[in-house]
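Q: Could you have a look at this structure, given as structure tokens, before my questions?
No value in this document is a laboratory result; all are computed from the given coordinates. These figures come from a predicted structure and were not determined experimentally. Using ideal geometry, Cβ is built from the backbone for each residue, glycine included, and neighbour counts are taken over all protein chains shown.
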Amino acid sequence: MTGGKIPLASITDFHDRAQDKVDGVLVNMGKDFVRGAHSISDGYRNSRRTIGIALLFTGLLVAILLIVFDRFTVYEYTYNGKVLGYVQEQEEVTDVLAIAGKKLSENSTGEAGIEFVANQNVTFRLVDGRGKSTDDSDTVINKLIYMTDIETEAYAIYDGDRIVAIVKSQEDAEALLEQTKEELSVPDRGMTLVSSEFTNPLDARPVNVLLGSVQSNTTAKNQMINGGKMTTYHIVEEGETAESLAAEFGVEVIDIYNEDNSEVATELEQGDKVCIRSTVEPVSVKMVEEGRIKEVIEFETIKQESDDYYKGDTYLLQDGVNGEQIFEGTITKVGGVETSRKATSPAEVTREKKDKIILVGTAERPKTAATGTFMLPLDHYVVTSEFGGRWGRNHNGIDLGAGTGTPIYASDGGRVIRAGWYSGYGMCIDIDHGNGVMTRYGHCSQIYVNVGDLVYQGQNIGAVGNTGNSFGSHLHFEIRIYDSPKNPRNYLQF
């Protein structure tokens with residue numbers, strides 16, 4: 001012993017020695033009982049007093065045995081074979097089963113009806129109580145309602161052999177089917193619903209799943225209408241295989257995963273928890289509606305060839321306008337899409353439609369016409385100055401260094417609007433490509449075109465030089481849109 005504390009080993013040793021002595025006393029008492037009973041038998045006829053003493057001795061022994069047995073035994077309680085804890089009396093569990101079931105049902109996502117039934121899914125067993133702490137009623141309730149592996153019988157709604165929703169009861173399943181069908185069977189304004197039915201027969205069947213897999217009616221209905229991904233947990237029962245579970249839940253074997261959802265579960269044993277993945281396709285309804293309804297007559301788009309326009313060009317001759325009509329009769333829809341109709345009288349057109357007409361050009365485009373794209377004005381060059389700020393002022397184009405006399409090509413087809421000396425540009429050529437687009441070629445040594453000439457893309461229009469405000473032989477090239485300079489790199493790959 002150190003520091004006034006008793007070592008744990010000493011306490012344990014003392015407990016064991018004390019227990020051994022109690023066990024010894026019980027054994028000796030048993031032996032004395034046998035010897036006493038034998039003596040009583042021998043002396044029965046000789047002494048009534050001896051009989052009384054023997055009876056007293058027997059009663060005392062039984063009382064001692066009951067006290068000792070009660071003191072050193074407890075009840076182990078389990079849910080579906082899973083040990084939850086220990087109690088002194090079974091009533092500490094049985095008295096709160098209904099309360100726990102109600103609370104758990106209220107707390108669950110799908111408000112599933114959970115029942116704890118003594119000697120069915122909740123069982124008891126007398127065990128040695130040494131070293132075991134016992135639970136009170138509040139602890140029992142908490143252990144029951146906070147279990148994560150509670151399995152319950154729920155009802156799955158099947159579309160053919162595939163599950164589309166899981167709810168707590170058959171009544172909920174039937175109500176859900178009606179609600180879903182009703183939501184998918186809303187007639188158009190002015191029409192009355194004649195009949196509706198699911199496109200495929202839907203039915204509800206019982207399935208055993210973990211509590212968290214049970215859906216609320218709202219969640220289940222949204223899933224049935226919109227589809228989505230579904231994850232269901234199940235505890236493997238005796239005789240079940242991956243193949244049988246795949247058939248029951250309407251999936252493939254490769255859709256059944258182990259408990260942590262990390263890999264496909266191929267070999268299953270009783271008690272295993274599996275995760276079943278599935279994709280839910282929306283359910284559909286076939287409905288028939290009748291009545292009188294105003295409808296849109298959608299315009300058509302008509303394309304007409306015209307030699308007034310070049311190939312590749314189009315012109316909107318007439319914009320489209322929808323018409324309207326009144327239809328009276330019956331309309332059949334599947335999944336919201338009309339499949340057939342039957343009129344009781346000819347449709348009444350209240351506004352004629354006007355089709356959209358587009359003219360498509362067929363005329364060959366002249367070589368001098370603008371293509372709408374640009375080509376590099378030189379075959380060989382070195383970029384010597386970029387577009388943008390330079391020497392404290394804006395540089396409106398890009399400079400391409402090349403030897404004097406190097407051919408300059410029209411970047412696109414168009415009409416020449418400048419061909420001569422132009423201030424600091426020196427010998428300069430401007431080409432109008434239409435739609436406000438113009439290209440400029442500055443510092444030329446030679447000009448081969450005149451104002452008013454039509455040139456085609458790639459035509460040799462001049463030669464590189466060093467005229468005007470220039471420091472070395474180069475071509476100053478600009479692209480302007482409505483006279484606003486644009487960076488040529490936005491249109492060409494240099």
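Q: Positive end of the dipole of the stretch 382-490, charges at C-beta (+1 Lys, Arg; -1 Asp, Glu), about the Cα centre: which of 385, 456, 428 has its Cα farthest in that direction?
A: With unit charges placed on the Cβ atoms, the residue in question is 385.
Q: Using +1 at the Cβ of each Lys and Arg and -1 at the Cβ of each Asp and Glu in the stretch 74-147, identify which of 80, 97, 139 lies farthest towards the dipole's positive end.
A: Positive-most Cα among the choices belongs to 80.
Q: Placing unit charges on C-beta atoms (Lys and Arg positive, Asp and Glu negative, everything else neutral), compute the dipole magnitude of the stretch 301-457 about its Cα centre in debye, rounded to 20. Don't skip to the answer; put the middle values down first.
A: Working: 16 positive and 19 negative charges, 54 e Å.
Dipole magnitude for the stretch 301-457 comes out near 260 debye.
Q: What's the ranking of 74-81, 344-351, 405-412 by average number of surrounding C-beta atoms within 10 Å, highest first?
A: Answer by packing, highest mean first, reads 405-412, 74-81, 344-351.
Q: Based on the Cβ-Cβ distance from residue 357 to residue 324, what FRET efficiency comes out when R0 is 30 Å, to the nearest 0.05? Walk me through the numbers on the way to the answer.
A: Details: r = 20 Å, r/R0 = 0.68.
Calculated transfer efficiency: 0.90.
Q: List the lysines whose Cα lies under 16 Å from the Cα of residue 356, skipping any in the same chain that are fewer than 8 positions away.
A: The qualifying lysines are 303.
Q: Continuing with the same structure: What is the calculated FRET efficiency for residue 83 to residue 197, with r their C-beta to C-beta distance and R₀ = 51 Å, to the nearest 0.05?
A: Numbers: r = 50 Å, r/R0 = 0.98.
Here the calculated transfer efficiency is 0.55.
Q: Straight distance only, please: which aspartates and glutamates reach the Cα of residue 103 with their own Cα at less than 12 Å, same-chain residues fewer than 8 apart left out?
A: Filter leaves 111, 115.
Q: Could you pull out every one of the lysines with an alpha carbon less than 26 Å from that of residue 229, ignoring same-chain neighbours closer than 8 positions?
A: Partners found: 168, 181, 221, 273, 286.
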